[in-house]
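Asker: The structure that follows is given in the form of structure tokens.
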């Protein structure tokens, strides 16, 4: 087994792990839309029903695309954006460690997604089958994933989120 084969295993492992995690999270949101909307409202989001529906759709869609290796940097951007919004609205005020509801988990998922976008999806992917893997990886993949993810998160926060009053 050469280095190239090992790298393909690592890419596939990252894709499937991050993708399956996002799909599971999105399905959970989708099954409890009313509760998810209430939670979005409690953390300061306007249009909480819309946020709940979009969250479920984005998480299932980006996760599925990552599992397939389809549009990998674009799917990774959705994960990065989701994690950035979660970090800002829920986790940042609590410090680093997840045991205190900190941002440890979301920063690791975002970083793994950015790394995956830079590495590319690997041999067993839709992107490779379409001949897009080389064009959508490296600096290009990283820039697409990080740039679109952070810009999307900023737009969502500016448009829909207001820090809840302390109380």
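The values are calculated or read from the model by the stated rules, or taken from the named source; none is laboratory data. This structure is a prediction, so every number in the text was calculated from the model and none was measured. A quick note on method: Cβ atoms are made from the backbone with ideal geometry, for glycine too, and the neighbour counts reach across all protein chains shown.
Asker: With the checklist (1) surrounded by 14 or more Cβ atoms within 10 Å (Cβ to Cβ); (2) under 19 Å from the mean Cα position of the chain (by Cα); (3) farther than 16 Å from residue 124 by Cα; (4) modelled with pLDDT of 95 or more in hand, flag the one item residue 15 doesn't pass.
Answerer: The number of the failed condition is (3).
Asker: Of the residues 127, 133, only one is buried (at least 19 other Cβ atoms within 10 Å of the Cβ) and modelled with pLDDT under 95; which?
Answerer: 133
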